[in-house]
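Visitor: Below is the structure I would like to discuss, written out as structure tokens.
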Amino acid sequence: MGEGAGITSAQEAANDELVLAFGRLQGAAGRLEYLLGGAIEKEFGISHLMYEVLLIVGRAGGPGMSMRAIAQERVLTTGGMTRLVDRMEAAGLVVRADDPADRRGKLVRLTERGEDLVVRASRLHVENIRRHFLAPLPEEAREQFMECLRILSHSARDALPRLR
């Protein structure tokens with residue numbers, strides 16, 4: 001693996017195998033975001049970030065999810081999340097309700113329209129994930145690859161500071 005301390009030039013830095021691997025991950029993520037997010041936006045008129053928030057809130061189920069928890073999940077500031085949820089609420093995709101556990105807090109939950117949209121968008125998204133994300137990989141490596149992504153995602157999430 002790359003030896004970070006041994007890097008002595010820009011060329012060595014650019015060709016370090018760890019730097020290259022991370023760059024490939026970022027490049028793949030950006031390109032996939034463009035392809036898959038663009039398909040959702042074109043077909044359903046919402047950004048990929050809105051779609052992700054619909055999934056996060058839908059996964060929580062029940063009475064909903066706090067703005068802070070959604071922001072933490074998406075690594076956004078609470079202010080940025082508030083603006084996004086404002087737009088989603090104006091579009092009729094989510095509603096805010098009082099949080100029974102916190103007098104000052106609000107919970108975000110899906111509306112019927114939001115539920116319907118996330119279901120329809122997910123049908124397209126799953127097909128695009130199969131086509132652009134899994135199909136290029138050797139079939140025997142797909143399950144392990146998805147498990148490695150889960151581990152990386154959880155590790156990075158756990159290393160982040162908690163929002164206050």
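Visitor: Which residue out of ARG83, ARG104, ARG96 is farther than 23 Å from SER155 by Cα, within 18 Å of the chain's Cα centre (by Cα) and open to solvent by 30 Å² or more (accessible area, probe 1.4 Å)?
Guide: Only one candidate passes the filter, namely ARG83.
Visitor: May I ask you to list the residues in the stretch 21-49 that are aromatic (Phe, Trp, Tyr) and surrounded by 13 or more Cβ atoms within 10 Å (Cβ to Cβ)?
Guide: Correct list: PHE44 only.
Visitor: Are any residues in the stretch 6-40 closer than 20 Å to ARG131 by Cβ and hydrophobic (A, V, I, L, M, F, W, C), and if so, which ones?
Guide: LEU25, ALA28, ALA29, LEU32, LEU35, LEU36, ALA39, ILE40
Visitor: Any idea how many residues of the stretch 38-49 are at pLDDT 95 or above and part of a helix (DSSP H, G or I)?
Guide: Going through the stretch 38-49 one residue at a time, the tally reaches 7.
Visitor: Okay, next question. All but one of (1) open to solvent by 30 Å² or more (accessible area, probe 1.4 Å); (2) more than 26 Å from PHE145 (Cα to Cα); (3) touching a residue at least 24 places away in the same chain (Cβ under 8 Å); (4) of a type outside the set (Asp, Glu) hold for ARG113; state the number of the condition that does not hold.
Guide: (3)
Visitor: Of the numbered conditions (1) open to solvent by 80 Å² or more (accessible area, probe 1.4 Å); (2) in contact with a Gly (Cβ under 9 Å, 6 or more places away or on another chain); (3) of a type in the set (A, V, I, L, M), ALA91 satisfies every one except a single condition; which is it?
Guide: Condition not satisfied by ALA91: (1).
Visitor: Output the qualifying pairs, or none if there are none: Cβ atoms under 6 angstrom, residues six or more apart or on different chains, first residue in the stretch 6-31 and part of a helix (DSSP H, G or I) and of a type in the set (Asp, Glu), second residue at pLDDT 95 or above and loosely packed, with under 11 Cβ neighbours inside 10 Å.
Guide: The qualifying pairs do not exist here.
Visitor: Still on this structure, I have one more. Restrict the check to the stretch 138-161 and report whether at least one residue is in contact (Cβ under 8 Å) with a residue 24 or more places away in the chain, over 27 Å from ALA39 (Cβ atoms) and not small (Gly, Ala, Ser).
Guide: Checked the stretch 138-161: at least one residue is in contact (Cβ under 8 Å) with a residue 24 or more places away in the chain, over 27 Å from ALA39 (Cβ atoms) and not small (Gly, Ala, Ser).
Visitor: Does PHE22 count as closer than 27 Å to PHE145 by Cβ and among the aromatic types (Phe, Trp, Tyr)?
Guide: yes
The values are calculated or read from the model by the stated rules, or taken from the named source; none is laboratory data. Just so we're clear, the structure is a prediction, and the values are computed from it rather than from any experiment. A quick note on method: Cβ atoms are made from the backbone with ideal geometry, for glycine too, and the neighbour counts reach across all protein chains shown. Note: areas computed on protein heavy atoms with side chains; ligands, DNA, RNA excluded. Shrake-Rupley method; radii C 1.70, N 1.55, O 1.52, S 1.80 Å.
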